[in-house]
Amino acid sequence: MSYRLEIGLVLLLATAIGVAVFAANRTPKPAEPDRRASTYLSGPDGSQALYRVMVRLGRPMERRRTALFGLSADTTTHRTRAALLVVLNPPISLDDVELDEVVTFVAHGGAVLAAGHGGGITSCAGWRREPEGYVDDSSTVRPIEQNGARLRLPRAARVLVPRQRDGRLSALVKRSVATSNAACDTLTPVAQDTLVAAMKGQPVLLRLRYASGGSITLASDAGWFRNRVWRDTDVPYVVLPILMTTGRGRVVWDEYHQGFARATPTVAAVTWDWAIHSPVGWALLQLVAVGLVWLSVTAVRFGPARAVIERRRRSPLEHLEALAAGLESAADAATAVQRIVAGLRRRLSRAGHVGNTDLKAWLETLELATTSARGRGSVRRLRHLITQRGGAAPERALDAAQAVEDVWEELRPRTTRDAF
C-alpha cells in the first residue's frame, strides 16, 4: 500500500508552517509605546515639550540622572540653587532616604511638582489618587476662563483625595512589622490651594504650602504633562505658570526614576577622574609627563653616525679557498684538485661554461698561452697534481689552490669584474 499522498500532504503542511514562521519572524514587530513621562522622549506620551518650552523661556534646567541623595545639600553648594523638583509619575518609586531628601528640600524652601503617584511623594504629602487602578472613564474638570476665553482642558483620569491613615497599618507599625516614614509625618501644610478641580469638587491640581516657604504641587493625572496634551489642548496656560512661579533657581527634572539612570562609570573612568581632581593623582600625572619627555629626549642619538661592520661579497679567490677547504675535509684529494682546476677553467672561459673536455689537455693548451715563466710553472704544477697518485689530501688541495691563484693573477681577463 502506497502512502505517497499522505507523505506529500505532510511535507506540504510542514513547508507552509515553515514559510509562515519565517514570514512572521522576518516582519519587524512594532515597537511598544513608551508611556514614561520623560523629557528625553519626544513621542506623544513623552514630556520633552515641557523641557523645550522652559529652555526657550530662559529658565536654568537640569536633567538629574542620579538618585535624589544630597538634593537638599545641593541647593546650597550648586552655583544656581534648585528651586523646583519635577517628578512626573516615574515607574520607579523613591526609597525612604530619597523621600527624606525631598522633605528636607521642602523644609529649606524648595518647591516640588509631583504628577500621578510621584514616586511616593503624593502619598508622603498625605494624599492619594482615586481610583488607584487603571480606569477607562475620566472626570470632567471645571471650566477655566482666561482673558474672557474658556480654556480647552482635557478630562482628568483621576482625582486627589486625602489619605487616611489605615488602622491596620498603624497596628503593623506598632508591632515593628511595617515601617512608616517619619519625615513625611512632619509635612504639615499651612495652606492648600485647589488650582484645577473636577465637576464634583475633587482637586485635580493641588498646591500645598508650608511654613518654611516651600510647596508641593500635586497633579492627579500625569497625562496633563505629555506632549500630545500640550499640543492639542490649553494645558500649557495652566501648568506653565506653576513651573515659572517657583523662584529663579534651576528646575530639576527627575530622570533617574524614569529609567534613564547614568551608566556606572568604569574603573578607567574613575581612575582618570581621581587623577585629575586629586592632588596625589595630579602629581603622578606630572611625573609620568616628565618621564615621557626624558624618554623622548634620550631616545634620539646626536652626533655622527657610528661605524658599522662592513659587509662585502667574497672575491673569486676567496670562493676558491673556501671550496678547497671544503674538499679537504672530504679527504678526496683527486676530486678536490679536479674541482679546483675545473673552477679555474670556468672562470677563464668567455662563456662561463665549457663542455666535459679533458682537463689535462686543457692545461697543456693553457701552458702554451701563458707568456711568463711563473705562469707556465704554475700550470705545470697543476698538471703534475692532476696526474699524481697518492699523497696527503690537504697538501695536494692546498698546492692546487695556490697554483690556481697564481694562474688567475697571471691570466685573468682585465675587462671582467673581480667580484661576482
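The values are calculated or read from the model by the stated rules, or taken from the named source; none is laboratory data. Everything numeric here is computed off the predicted structure, so don't read it as measured data. All Cβ positions, even for glycine, are placed from backbone atoms using ideal geometry, and neighbour counts span all protein chains on display. Just so you know, the surface numbers come from the protein's heavy atoms only, side chains and all, with ligands and any DNA or RNA stripped out. Shrake-Rupley method; radii C 1.70, N 1.55, O 1.52, S 1.80 Å.
Quick look at the values:
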| read-out | value |
| --- | --- |
| So LEU153, is it open to solvent by less than 40 Å² (accessible area, probe 1.4 Å), among the aliphatic types (A, V, I, L, M), at pLDDT 75 or above and not in a strand (DSSP E or B) | yes |
| Selection count where residues are in contact with a Leu (Cβ under 9 Å, 6 or more places away or on another chain) and either aliphatic (A, V, I, L, M) or not in a strand (DSSP E or B) (or both), scope the range 191-213 | 10 |
| Any pair with Cβ under 7 angstrom, 6 or more apart, that starts in the range 365-382 at a residue that is closer than 14 Å to TRP408 by Cβ and ends at one that is hydroxyl-bearing (Ser, Thr, Tyr) and assigned to a loop (DSSP other than H, G, I, E, B) | VAL379/THR370 |
| Contacts under 6 angstrom Cβ, first residue in the range 100-118 being under 29 Å from ASP45 (Cβ atoms), partner open to solvent by less than 10 Å² (accessible area, probe 1.4 Å) and among the small types (Gly, Ala, Ser), 6 or more apart | VAL106/GLY214; GLY110/GLY214; ALA115/ALA219; ALA115/ALA222; GLY116/ALA222 |
| Breaking point among (1) assigned to a helix (DSSP H, G or I); (2) at pLDDT 75 or above; (3) exposed (fewer than 15 other Cβ atoms within 10 Å of the Cβ), for ALA24 | (2) |
| Number of the exception - PRO189 against (1) out of contact with any Phe, Trp or Tyr (no Cβ under 7 Å at 6 or more places or on another chain); (2) surrounded by fewer than 19 Cβ atoms within 10 Å (Cβ to Cβ) | (1) |
| Given (1) at pLDDT below 85; (2) touching a helix residue (DSSP H, G or I) at 6+ places or on another chain (Cβ under 8 Å); (3) open to solvent by less than 50 Å² (accessible area, probe 1.4 Å), index of the condition ALA261 fails | (2) |
| Failed condition for PRO30, given (1) part of a loop (DSSP other than H, G, I, E, B); (2) at pLDDT 80 or above | (2) |
| Residues satisfying the stated conditions in the range 214-238, i.e. buried (at least 19 other Cβ atoms within 10 Å of the Cβ) and assigned to a loop (DSSP other than H, G, I, E, B) | GLY214, SER220, ASP221, ARG226, VAL235 |
| Residue check for ARG306: open to solvent by 60 Å² or more (accessible area, probe 1.4 Å) and modelled with pLDDT under 75 | yes |
| Residue count, the range 239-258 (criterion: of a type in the set (S, T, N, Q), open to solvent by 80 Å² or more (accessible area, probe 1.4 Å) and touching a residue at least 24 places away in the same chain (Cβ under 8 Å)) | 0 |
| Residue under evaluation TRP282, criteria (1) open to solvent by 30 Å² or more (accessible area, probe 1.4 Å); (2) within 30 Å of VAL86 (Cβ to Cβ), criterion not met | (2) |
| Counted residues, the range 122-143 - those being within 43 Å of the chain's Cα centre (by Cα), at pLDDT 70 or above and open to solvent by 30 Å² or more (accessible area, probe 1.4 Å) | 1 |
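To keep it simple, each residue is scored yes or no on (1) under 33 Å from the mean Cα position of the chain (by Cα); (2) in a loop (DSSP other than H, G, I, E, B); (3) surrounded by fewer than 16 Cβ atoms within 10 Å (Cβ to Cβ); (4) at pLDDT 90 or above.
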| site | (1), (2), (3), (4) |
| --- | --- |
| TYR40 | yes, yes, no, yes |
| ASP45 | yes, yes, no, no |
| GLY58 | no, yes, yes, no |
| ALA67 | yes, yes, no, no |
| ASP74 | yes, no, no, no |
| ARG79 | yes, yes, yes, no |
| ALA83 | no, no, no, no |
| VAL86 | yes, no, no, yes |
